[in-house]
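S.K.: Dropping the structure in here first, questions after.
The values are calculated or read from the model by the stated rules, or taken from the named source; none is laboratory data. Note that the structure is predicted; figures quoted are calculated from it, not measured. When the accessible area is computed, the model is the full protein with side chains, heavy atoms only, and any ligands, DNA or RNA have been set aside. Shrake-Rupley method; radii C 1.70, N 1.55, O 1.52, S 1.80 Å.
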Amino acid sequence: MDVSTPAKQLGVAILEDDTALVSKLTHAIDSAPQLHVVASFNDVHSCANWLEASAPEIFLVDLQLPDGSGVEIIRKAAEKNVACIVLTAFADERSVVSALQAGATGYLLKDSDDPQIVESIILVANGESPINPKIANFVLKYFAPPPPDTSVEYEVAHLSAREKDVLTLIAQGRSYSEVGNRLQLSINTVRSHIRRIYQKLDVNSSGEAVYRATRQQLISG
Amino acid sequence: MKLAKLLATYGVVIGIAIAALLIPLDTPNHVIRIDSAGIAQSTPNSQLSIDISAAQQRQLPDDWRRHQQRGTTLTYFTTFVTTNPAPVNWAVFIPSVRYNARVKINGQTIGDGGRMSARVVRNMRHPLYFEIPPRLLHAGENNLSIEVKSGLDEIGYLSKVYLGVISEIRPYYERHLFYRVTVFKAITVALFSMAILVGMLALIRRVDREYFWFTLATTIWGFHSFSYFVVDIPVSEKLWDWLAFVTIAWFSYFGGVIFIRRFLKIDSSQRERTTTWLLMACSFALYALPVPRFYDVAYYAWHPLCQVIGSYGLIRMFVAVARNRRFELHILLVSGTILITCAAHDLAVVFGIIDWGRGYTMHYSMALVLFVFGTVLIRRFSANLVEVETMRDELEIRVEKRRQELERTYEKLREEEKHRVIAEEHERIVRDMHDGVGGHLVSSLTLLRADEANIELVEETLQNALVDLRLTVDSLDHGDDDLLLLLGMFRSRIEPTLNSRHITLRWNVSADIAAPKLGPGESLSLLRVLQEFITNTVKHSNANAVTFSLENASADTLTITIQDNGDPLHRDRSKGRGMINIQRRASELGGELTHEFTPGGVVLRLVLGLHAQPDN
């Protein structure tokens, strides 16, 4: 995978209550010349206070914290154009999509080794949004048109035909290059589509939020 | 005692009916009443010569049978005296005649009731009224002659005759006309209306045959009543009279016997059917008789027989009332008693015992009978409807109750099934976790507690535990028909590991593949089979490529093939724990597993049937 080295060193903040994992992440990040850890927190409250005045380039966020959910931090950080990466043990749609809706850009498996950690962070810094078949399948259902007997009184975002093609192939287990070959697109175009899809996960109105919440409940069963 | 009381009661009813029938008829006063007249017989084409002094005198009303007289024409003549000057505005009123009459005053015809030749007009119930033209009467003595024409039965009749001022005569004529013709016709219309109404009920309540027989009997009587007021008959005299006779008999039988039996819920019998055929046969045999025997049999045998047949119904009703003193049955029996009494009166008229001029009364009582019976039937029909509606409502309530019970039972069963399925799934997940993650964690703990802990081995074991947990989560999340999604997730899990080992993954999976439906348990077993192979390849082979492919080798199977390009000579071919696990998982899937060591590498091939049921 092509990993372009950023022009300057990127500041990375960490929100994670597992101290062993924080040590591992700090070690991996500080080992990379392009990255350094600017702050680490083990609770939402102190992290939120810090975020009022500061903003790293990248934020690694765990969702399950003792005093709240990391989704709140992701939302605040996204407002400041901070690229948030959600830390997850399973990369399943339940833990990832809510973070993506709040504005996260990607996810990182907690048991990744050091090179994988650095690679994932740099890819996100370069604008890539990682995705897996389950997340793709979930997003397809999430954006499925409402049933004929449902009256939708507000504007809801939809996927374009191309975006649906990309998600369908990823849900079938295709890699980015295979998707690009099938649809005659470059890998970067495929990544752009995925990034745009993630942006559409953010809701624009309260009405749409209700509708989306209902859809999510239906999909999650 | 009770029976005696019942007989006495109905005896009183009969008495009242007879008394009513014997009430004298209304006749005009202050007019000239002709009580007797001389007679002269003439044949149709002969000239009548009248010798008043020598003529035989007859008292009026005159029934020809009393004098054993047969013939078709008889002329009555008399004189009457008027005042001076001669009166004007006078009329002649003849209450009853059989069949028709022509009236002359002083040799001049002032009127007749219609055709006096073959198919004589039948004015038997129709009073005759003729106004005397002015200046025809003389002051003093005037001649009156009345030529009476009978029918084929050669039985004639002339009632008393009245002459007088129109203003005195006419009201009586109109009253007689009203009661004897207009009311008769109205009753006939009412009968047909009742027949139509009950006929419609008969169509709805086919199971209750009394409605049908009532309709039939009423209709027959309705047609019979035409013989009373149709004066100009459309067919031959014999045919018309035959129809009148047989309709009485059919009415008596179908109304008095069959209808009453069905009304009292007595089932039909072979005897009824035999009697019906017999009656039909006798009806046609009657017509075959030559005139005058035809009329003799009809009047003196047929009519009494009808009376007897009709009396059966009355006796049946009487027995029913004696057993069950329902008010409804009493009312029916009273009306039936009146009917039979009137029928007996009419029979006496037919025999000549009662003056023919009194006319037949059965039609009047028929209105009462049919009205009463019709009302009872309609009430019975309404009661049936109400009963049906009540039963329907009850049934609906019961059905609703039962439906609710079934729903509750179904819900209960569904809940129990749900709990059972959830419990089974819990058990499966616990078993899987025990076998998978649990086993790995215990191994890790054991390794850590060893005297010389192998940290790399511990790390590997814990990593395997995490992989197994992820496989378990993936297997739980996908639907029955998402095998591609399941395998896609598997690819996303293993590809980073393979990449880190510089092993290329070639993914030969088409979206058009037909795949079996796998439940969570089967999905996990499949993933573990594939994971085991990948783990072996990574740990024990020198492969740099792994190829994964799916194909439908036959219409009802799916073949999953995973192979590496490692040197098979360096692989342990013994059936280690991993291979044993793979075999066990494959059998859990119901698939056929082959594990080959080929020159090109190690090949694992799993064939699954497409139509197996999922385990959820």
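S.K.: Could you please tell me the mean projected area of the C-alpha convex hull for segment B:405-452, averaged over all directions and given in square nanometres to one decimal?
M.R.: 3.3 nm²
S.K.: Using only the Cα atoms, what convex hull volume per residue in Å³ does segment A:30-143 have? Provide the component values of the computation, followed by the final result.
M.R.: Values: hull volume 11.9 nm³, N = 114.
Dividing the Cα hull volume of segment A:30-143 by its residues yields 105 Å³.
S.K.: While we're here: How far is helix B:483-500 tilted, in degrees, relative to the longest principal axis of the Cα atoms in chain B, given as a value from 0 to 90 rounded to the nearest 10?
M.R.: So the inclination is approximately 10 degrees.
S.K.: Here is a further query. No solvent, one uniform scatterer per C-alpha: report log10 I(q)/I(0) for segment B:391-496 via the Debye equation at q = 0.13, 0.14 1/Å, two decimals.
M.R.: Results for segment B:391-496 at q = 0.13, 0.14 Å⁻¹ read -0.71, -0.76.
S.K.: Rounding to the nearest 10 and keeping the result within 0 to 90°, find how far the Cα-based axis of helix B:327-351 lies from the longest principal axis of chain B.
M.R.: 40 degrees
S.K.: Another question, then. How big is the equivalent ellipsoid of segment B:203-248 along its three axes, where each semi-axis is √(5λ) from the Cα gyration tensor, reported in whole Å from largest to smallest?
M.R.: Three semi-axes, in Å: 29, 9, 7.
S.K.: Please provide three numbers in whole Å: the alpha-carbon extents of segment B:78-138 along the principal axes, with the largest listed first.
M.R.: Dimensions of segment B:78-138 along the principal axes of its Cα atoms: 41, 19, 19 Å.
S.K.: Let me ask you something else. Given the -39500 (n - 2.57) contribution per DSSP H run of 4+ residues, what per-residue ellipticity at 222 nm results for the protein assembly as shown, rounded to the nearest 500 deg cm²/dmol?
M.R.: On the way: 26 runs with 432 residues, N = 837.
The helix contribution divided over the protein assembly as shown gives -17000 deg cm²/dmol.
S.K.: Kirkwood hydrodynamic radius, computed over distinct alpha-carbon pairs, for segment B:347-403: how many Å, to one decimal?
M.R.: When all Cα pairs of segment B:347-403 are included, the Kirkwood radius is 15.3 Å.
S.K.: If you don't mind, another one. Kirkwood Rh and Cα-based Rg: tell me the resulting Rg over Rh for chain B, rounded to two decimals.
M.R.: For chain B, the value is 1.59.
S.K.: Next up: Show log10 I(q)/I(0) for segment A:107-148 at q = 0.22, 0.26 Å⁻¹, two decimals, from a solvent-free Debye sum over equal Cα scatterers.
M.R.: -0.78, -0.91
S.K.: At what distance in angstrom do the alpha carbon centres of segment B:382-416 and segment B:91-154 lie from each other?
M.R.: When both Cα centres are located, 77 Å separates them.
S.K.: Over segment A:12-85, one equal point on each Cα, no solvent: what is log10 I(q)/I(0) by the Debye formula at q = 0.11, 0.13, 0.16, 0.27 Å⁻¹?
M.R.: -0.23, -0.32, -0.49, -1.33
S.K.: Using the Cα atoms as the points, what is the convex hull volume per residue of the protein assembly as shown in Å³?
M.R.: 367 Å³
S.K.: Using only alpha carbon pairs under 8 Å that are at least six residues apart, calculate the relative contact order of chain B and give it in whole percent.
M.R.: 9 percent
S.K.: How far, in degrees from 0 to 90, does helix B:520-540 lean away from the longest principal axis of the Cα atoms of chain B, to the nearest 10?
M.R.: Here the helix axis deviates by roughly 20 degrees.
S.K.: Now for a separate question. Considering the alpha-carbon set of segment B:176-258 alone, what are its Rg and its Dmax in angstrom?
M.R.: 14.2, 45
S.K.: Heavy atoms only, 1.4 Å probe, whole protein assembly: order B:Leu445, A:Leu167 by accessible area, highest first.
M.R.: Largest to smallest exposure gives the sequence B:Leu445, A:Leu167.
S.K.: Further question on the same structure: If you plug each phi of segment A:10-18 into the Karplus form 6.51 cos²θ - 1.76 cosθ + 1.60 with θ = phi - 60°, what whole-Hz ³J(HN,Hα) values come out, in order, with x for Gly and Pro?
M.R.: With the stated coefficients, segment A:10-18 comes to 9, x, 10, 10, 10, 10, 7, 8, 8 Hz.
S.K.: What percent of all Cα-Cα pairs in segment B:215-283 falls into each 10 Å bin, going from 0 up to the bin containing the maximum distance?
M.R.: Calculated P(r), rounded to whole percents: 19, 45, 25, 10, 1.
S.K.: Sort all Cα-Cα distances of segment B:181-337 into consecutive 10 angstrom bins from zero, then give the percent of pairs in each bin up to the one containing the longest distance.
M.R.: 10, 33, 37, 17, 3
S.K.: Still on this structure, please answer the following. Report, for the protein assembly as shown, the % of DSSP beta bridges that are antiparallel, rounded to 5.
M.R.: Taking every DSSP beta bridge with both residues in the protein assembly as shown, the antiparallel ones total about 75 percent.
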